[in-house]
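Down below is the structure, laid out as structure tokens.
The values are calculated or read from the model by the stated rules, or taken from the named source; none is laboratory data. What you are looking at is a predicted structure, and each value in this text was computed from that prediction instead of being measured. Glycine gets a Cβ as well: all are built from the backbone with ideal geometry, and neighbour counts include every protein chain shown. Heads up: the accessible areas ignore ligands, DNA and RNA and are worked out on the full protein's heavy atoms, side chains in. Shrake-Rupley method; radii C 1.70, N 1.55, O 1.52, S 1.80 Å.
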Amino acid sequence: MRTRGLRGALAADTELGAGNVLARVLAHGADPDGPGLTFDTPVDGHPGEQPLTLGQLDERVAARAAWLHARGVKPRDPVAVWATAAADMVLSFLALTRLGAIPALMNGRLRPEIAAEYIRRLRGVGVLADAEHAELLAGHDLGVPLIGTPAEAGAGDPAAAPAHYRHHPDDPIVITHTSGTTGVPKAVLHSHGSLFAATRHLLTMPQAQGTGRILSALPAPHTATVLMVNQALGNRAEMFLLSDQGGERVLDAIQRWRPDGVFGFSVTWAELARFDLSGYDLDSVRLWFNTGDCSHEPHVRRLVAVGSRDTVTRQGRVRVPGSVFIDGLGSSEMGHSMFHITHTTETDRYGRCVGRPYRFARVAVLDAEGNELPPGQVGFLGIDSPSLFKGYWNDSVTTYRFRLRGWYLTGDLVHADDEGRYYHLDRAVDSVTTGDGRRYFTALSEERILAACPDVTDCTVVIVAEDDAVGTDVLLELAAGADPAADRTEAVRAALGADLGATLRRVVPVRSADIPVTVTGKVRKVALRERYLTQASS
């Protein structure tokens with residue numbers, strides 16, 4: 001079946017959901033010799049960076065399903081998966097959902113004691129862990145056995161795999177987790193129907209340029225990777241998944257694999273911005289797609305200056321220099337980015353604008369009581385979408401703490417303009433409100449500093465409030481060749497504005513390694529605030 005007809009058939013398939021895309025694509029007549037997935041590590045003797053066809057992918061998934069089934073894994077059994085390789089995470093997800101089990105995908109960079117506590121709280125039936133992570137778990141009380149390694153599961157007999165589990169839209173199909181800014185990350189539960197809602201909507205629309213040959217620089221255990229794997233399979237696109245999302249690794253993969261689209265988080269774009277991109281062959285890239293936190297203007301501008309894109313003119317469709325960057329705002333809980341805005345070399349709407357919501361989402365700016373606020377007023381972002389997560393696994397207290405008058409509260413502070421565009425100002429936990437009603441935002445301040453200081457590639461603003469006093473510390477990551485001894489205090493103070501600039505205590509050049517981040521690359525500003533609060537009082 002041709003891709004366009006297949007996409008329409010998939011969108012109309014009522015049995016299709018996030019837990020059975022591979023099976024349903026084949027059932028609708030997709031060519032088994034067509035594209036499956038490409039991994040950067042070997043899979044059961046198949047070389048790394050060599051594509052698996054759709055049929056080979058199905059066989060490798062069936063082998064793992066048979067192996068897991070033989071070890072007693074049944075429908076609705078939670079199974080933790082802790083590994084580094086993208087192949088281990090994705091193939092384990094596909095195999096477990098084929099059985100109707102519930103994979104709990106864990107970021108490989110969790111500290112062992114945190115990982116062990118997270119596994120205990122899942123109350124599952126076992127753990128799949130690669131050799132490195134199995135060793136890290138040794139001596140910890142997990143409450144469940146180690147089943148084996150994801151690679152061992154590839155030794156199963158595909159012919160012995162049980163029939164595909166028949167999912168209901170409400171069936172749980174994956175548990176991912178939040179970034180874990182403090183303590184144990186929250187376990188985010190998605191259903192067969194909820195995690196496919198956005199993909200089903202996108203299948204009804206024309207396929208976007210830059211989605212035919214995709215490089216995924218998304219963390220493999222993240223909700224976004226599950227979404228993109230399903231979208232690639234449904235679009236019959238080629239996809240290469242990286243296990244390491246560092247800037248050099250991504251640039252090298254672009255040059256060798258020549259994707260037309262690169263998908264990642266804002267932390268990846270910040271890393272790429274540290275390089276002189278003109279020295280790399282990035283001509284194949286038409287699209288950069290960002291999810292998670294929205295991206296900073298200087299990082300976006302560096303990316304859209306390279307690559308090329310198709311555009312429609314009076315002379316017809318032509319290829320022009322400069323790529324497209326689609327920005328948005330999403331989280332594990334949202335199930336997909338809720339907003340989108342498109343940047344090219346010609347666009348100029350930044351200032352942390354995340355654009356308009358997707359048609360499948362309903363959004364609002366709310367006050368503390370859940371009342372909707374008019375354009376221009378800052379409030380909490382509320383979401384109502386069929387893509388929303390179903391709650392935090394084994395934690396109904398936290399689940400309902402983030403629900404208010406029918407809205408899910410994302411923890412973000414935003415405002416809307418009169419034309420229906422939304423602007424992200426900060427995470428609520430990172431902002432500071434003073435006793436006289438003034439509110440200071442760290443993310444918006446970082447945007448302004450980066451725009452004002454061209455020799456700064458990234459920055460972190462920490463605002464500390466204590467005893468009715470506010471102090472602001474700014475950490476700068478400098479471009480190669482920038483003078484670390486130069487005094488940038490006044491430039492930073494001017495970028496912050498009169499009110500917040502008056503609270504500036506220090507401007508410190510740092511290395512990126514000095515900034516504590518979560519397992520998904522978000523800066524742990526809570527930890528930084530505690531550090532600088534301690535320094536200020538000592």
Q: May I ask you to verify whether ASP430 is modelled with pLDDT under 95 and closer than 16 Å to ASP293 by Cα?
A: yes
Q) If we keep just the residues of the stretch 187-232 that are in contact with a strand residue (DSSP E or B) (Cβ under 8 Å, 6 or more places away or on another chain) and assigned to a helix (DSSP H, G or I), which is farthest from PHE263 (Cα to Cα)? A) LEU195
Q | helices (runs of 4 or more DSSP H) wholly inside the stretch 86-163 that include at least 1 residues being touching a residue at least 12 places away in the same chain (Cβ under 8 Å), small (Gly, Ala, Ser) and more than 28 Å from GLU59 (Cβ to Cβ) | A | 112-122
Q: Working carefully through the options LEU26, LEU37, find the one that is open to solvent by less than 20 Å² (accessible area, probe 1.4 Å) and either in a loop (DSSP other than H, G, I, E, B) or out of contact with any Phe, Trp or Tyr (no Cβ under 6 Å at 6 or more places or on another chain) (or both).
A: LEU37
**Q.** Only listed residue being surrounded by fewer than 21 Cβ atoms within 10 Å (Cβ to Cβ), of a type outside the set (Ser, Thr, Tyr) and either closer than 20 Å to GLY154 by Cα or within 22 Å of the chain's Cα centre (by Cα) (or both), chosen from GLU59, GLU15, GLU117
**A.** GLU59
(Q) Suppose the filter is among the hydrophobic types (A, V, I, L, M, F, W, C), free of Cβ contacts under 8 Å to residues at least 60 places away in the same chain and touching a helix residue (DSSP H, G or I) at 6+ places or on another chain (Cβ under 9 Å); does VAL306 pass it? (A) yes
Q: Would you check if there is a residue in the stretch 185-203 being open to solvent by 20 Å² or more (accessible area, probe 1.4 Å), within 26 Å of ALA85 (Cβ to Cβ) and not β-branched (Val, Ile, Thr)?
A: yes
**Q.** Among the candidates TYR400, TYR423, residue that is out of contact with any helix residue (DSSP H, G or I) (no Cβ under 9 Å at 6 or more places or on another chain), within 30 Å of ALA361 (Cα to Cα) and of a type in the set (Phe, Trp, Tyr)
**A.** TYR400
(Q) Taking the conditions exactly as written (of a type in the set (Lys, Arg) and out of contact with any Asp or Glu (no Cβ under 9 Å at 6 or more places or on another chain)), does ARG258 satisfy them or not? (A) no
Q: Could you tell me which numbered condition GLU152 fails, if it satisfies all but one of (1) in contact with a Phe, Trp or Tyr (Cβ under 8 Å, 6 or more places away or on another chain); (2) modelled with pLDDT of 95 or more; (3) open to solvent by less than 20 Å² (accessible area, probe 1.4 Å)?
A: (3)
Q. Which one is nearest to ALA198 (Cα to Cα), of the residues in the stretch 375-411 that are small (Gly, Ala, Ser) and within 20 Å of the chain's Cα centre (by Cα)?
A. SER387
Q: For GLU466, indicate whether it is touching a residue at least 12 places away in the same chain (Cβ under 8 Å) and either open to solvent by 40 Å² or more (accessible area, probe 1.4 Å) or over 30 Å from ALA368 (Cβ atoms) (or both).
A: yes
Q: Considering every residue within the stretch 244-258, establish whether at least one is modelled with pLDDT of 95 or more, under 29 Å from ARG427 (Cα atoms) and surrounded by 24 or more Cβ atoms within 10 Å (Cβ to Cβ).
A: no
Q.
I need the strands (runs of 3 or more DSSP E) fully contained in the stretch 264-348, keeping only those with at least 2 residues that are open to solvent by 10 Å² or more (accessible area, probe 1.4 Å) and at pLDDT 95 or above.
A. 324-327, 339-343
Q. List pairs: first in the stretch 229-244 and touching a residue at least 60 places away in the same chain (Cβ under 8 Å) and over 11 Å from LEU37 (Cβ atoms), second open to solvent by 10 Å² or more (accessible area, probe 1.4 Å) and acidic (Asp, Glu), Cβ under 7 Å, 6+ apart or cross-chain?
A. LEU242/ASP40; SER243/ASP40
Q) Could we say that THR344 is β-branched (Val, Ile, Thr) and more than 17 Å from PHE263 (Cβ to Cβ) here? A) yes
Q. With (1) without any contact (Cβ under 8 Å) to a residue 60 or more places away in the chain; (2) open to solvent by 10 Å² or more (accessible area, probe 1.4 Å); (3) over 18 Å from ALA220 (Cα atoms) as the list, and GLY48 as the residue in question, which single condition is left unmet?
A. (3)
Q: Could you list all residues from the stretch 1-30 that are acidic (Asp, Glu) and touching a residue at least 60 places away in the same chain (Cβ under 8 Å)?
A: GLU15
Q.
Can you report the number of residues in the stretch 452-505 which are of a type outside the set (Ser, Thr, Tyr) and in contact with a strand residue (DSSP E or B) (Cβ under 7 Å, 6 or more places away or on another chain)?
A. 26
